[in-house]
Amino acid sequence: MSLALLERPDERLTPRERLDVLADPGSLQLLRTQVRSRRMGERAMPGDGVLAAHARVDGRQVYCYAQDASFAGGSLGEAHAESIVEVLRLAGRARVPVLGFVESAGARMQEGLAALSGYGEIFREHVRLSGLVPQISIVCGPSAGGSSYGPALNDFVIMTGRASMFLTGPAVVSEVTGEDIDMASLGGTRVHERNGVCHFTAPTEVDGALMARDLLDYLPQHAGVSPQMWPSVAPPDLAPSRLVPSQARKVYDIRHLISALVDGGRLMEVSARWSRNVVCAFARLEGRSIGVIANQPRHLGGVLDTNAAQKAARFVRMCNSFGLPLLVLVDTPGFLPGSRQERDGVIRHGAKLVHAFAEASVPSVTVIVRKAFGGAFIAMNSKALGADYVFAWPDVEVGVMGAEQAVGILSRREIAAAEDPPAHRRRLASAYSSEHLGVDSASADGFVDEVIAPDSTRARIASCLESLAGVHRPEPRASNVPI
């Protein structure tokens, strides 16, 4: 990467400078520099408004491109599209990651259907590469129409502070609907980091390029090979047993527990502001790159809902495509009930999560840290779905539903007739919990492999993943595009 560019992080970078920040010094080799637009006449620019290249990132070969908004707004014409398609095609042949810096006004109107067809060819190449090589988009400015679909077909989207994405721009929105809105409000980072379109945000273009480099470190060159191993780093001196409250309703941040388990306490959270009741993150455990999925009691008590199921399912499928073992931390009261969830298709989206875990062929370890009830017990990578190991901490409760809800159904009349209904309900709930929700019976019946001490969790997980390191993984299907 260019050290000189790191000293001016707040400045807007040229396309060449964006590629220089991404690439190892001296490794950038431009492609197709003599290509010109067939229809822009004397305004034609070499590359037709896009720089295509191959380079190295931390010594790893990648293909990359950067659109040039100074030429025709970065709009995509036929020759422009051919350059991007060539980059994607070569990345597929070389089986290496591909990264794109996106900033485009959309299809070039002067070229009509030729421009639109160019987008179609780009989309087809993205889909062909899906699940086969990592694809990352860094959106650096306004990206309209087809230039927003391209990133959405990638594995990851990074948006910088000046970025915006929308199918139709503010002018068209105003013309058609009468709504007066600016680019940031229509499709800026605050919009897309909360709806799942954007996975990461970065304040500057330099930060965005450096974030892409960090992200690549967790991913392999292509499906079927393992990500690079690094030396193990001890986690922070935090006892897991002190991070999770024993009270079932007390709030805490599951990310603190993740940090106590993984190398150096470092995790790279994906879609951190979308559906915050589930955490998806990359981390390393004893030097091995892993994917972590965890319920987040800090938000909505850690329930699963339509968005949480979508978010977790897509992350599981991505990890499975690229051979990353899964660590699943469970603390959930179940799926969020209610008519709105049913109208929003919670059955369909919950089934996606079940499908993702059930089809996963990578090693997976599930740890239940406090509670797991109902369909969420199954959906969060249960033994029945195919988890290689399921561990539970000693005071865990598991069952069809929580004790309060269960006795409210089973003993409704008895509670109503009691002299003090709330107190009687609590007594019944305590008895039900002791008899039906204890983890020992779940372990005896084989639904949990072992009850473990909280402070031994990291060592047990690491040992299990080490034992499964040689598990054969079939070539993944190209199925990482969200459905």
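The values are calculated or read from the model by the stated rules, or taken from the named source; none is laboratory data. This structure is a prediction, so every number in the text was calculated from the model and none was measured. Quick reminder, even Gly has a Cβ in these numbers, built from the backbone with ideal geometry, and neighbours come from all protein chains shown. Keep in mind that these areas ignore ligands, DNA and RNA; they rest on the heavy atoms of the full protein, side chains included. Shrake-Rupley method; radii C 1.70, N 1.55, O 1.52, S 1.80 Å.
Observations
- Number of positions in the stretch 120-151 that are surrounded by fewer than 20 Cβ atoms within 10 Å (Cβ to Cβ) and closer than 24 Å to residue 170 by Cβ: 1
- Qualifying residue in the stretch 438-456 (condition: open to solvent by less than 90 Å² (accessible area, probe 1.4 Å), modelled with pLDDT of 75 or more and in contact with an Asp or Glu (Cβ under 6 Å, 6 or more places away or on another chain)): no
- In the stretch 457-480, residue least open to solvent (accessible area, probe 1.4 Å) [restricted to those that are modelled with pLDDT under 75 and not small (Gly, Ala, Ser)]: 480
- Pick from the stretch 200-212, criterion open to solvent by 20 Å² or more (accessible area, probe 1.4 Å) and of a type outside the set (A, V, I, L, M, F, W, C), ranking: farthest from residue 98 (Cα to Cα): 203
- Those residues of the stretch 284-321 which are crowded, with 24+ Cβ neighbours inside 10 Å, touching a residue at least 40 places away in the same chain (Cβ under 8 Å) and part of a strand (DSSP E or B), in sequence order: 290, 293, 294, 295, 304
- Some residue of the stretch 307-323 being in contact with a strand residue (DSSP E or B) (Cβ under 6 Å, 6 or more places away or on another chain) and over 23 Å from residue 193 (Cα atoms): no
- The stretch 28-60, residues that are buried (at least 17 other Cβ atoms within 10 Å of the Cβ), part of a loop (DSSP other than H, G, I, E, B) and modelled with pLDDT of 85 or more: 28
- Tally of residues being open to solvent by less than 50 Å² (accessible area, probe 1.4 Å), at pLDDT 90 or above and either farther than 30 Å from residue 282 by Cβ or not charged (D, E, K, R) (or both) across the stretch 182-196: 6
- Residue in the stretch 425-436 that is assigned to a helix (DSSP H, G or I) and either at pLDDT 80 or above or touching a Cys at 6+ places or on another chain (Cβ under 9 Å) (or both) present: no
- Candidates 94, 81, 163 - the one that is modelled with pLDDT of 90 or more, over 19 Å from residue 202 (Cα atoms) and crowded, with 17+ Cβ neighbours inside 10 Å: 81
- Scope the stretch 324-349; condition closer than 26 Å to residue 256 by Cα and in contact (Cβ under 8 Å) with a residue 40 or more places away in the chain; matching residues: 324, 325, 326, 327, 328, 329, 330, 331, 332, 333, 334, 335
- Within the stretch 342-369, the set of residues being open to solvent by 20 Å² or more (accessible area, probe 1.4 Å) and either acidic (Asp, Glu) or outside any helix (DSSP H, G or I) (or both) comprises 342, 344, 359, 360, 361.
- Of the residues in the stretch 61-70, at least one is at pLDDT 95 or above, open to solvent by 20 Å² or more (accessible area, probe 1.4 Å) and either assigned to a helix (DSSP H, G or I) or out of contact with any Ser or Thr (no Cβ under 8 Å at 6 or more places or on another chain) (or both).
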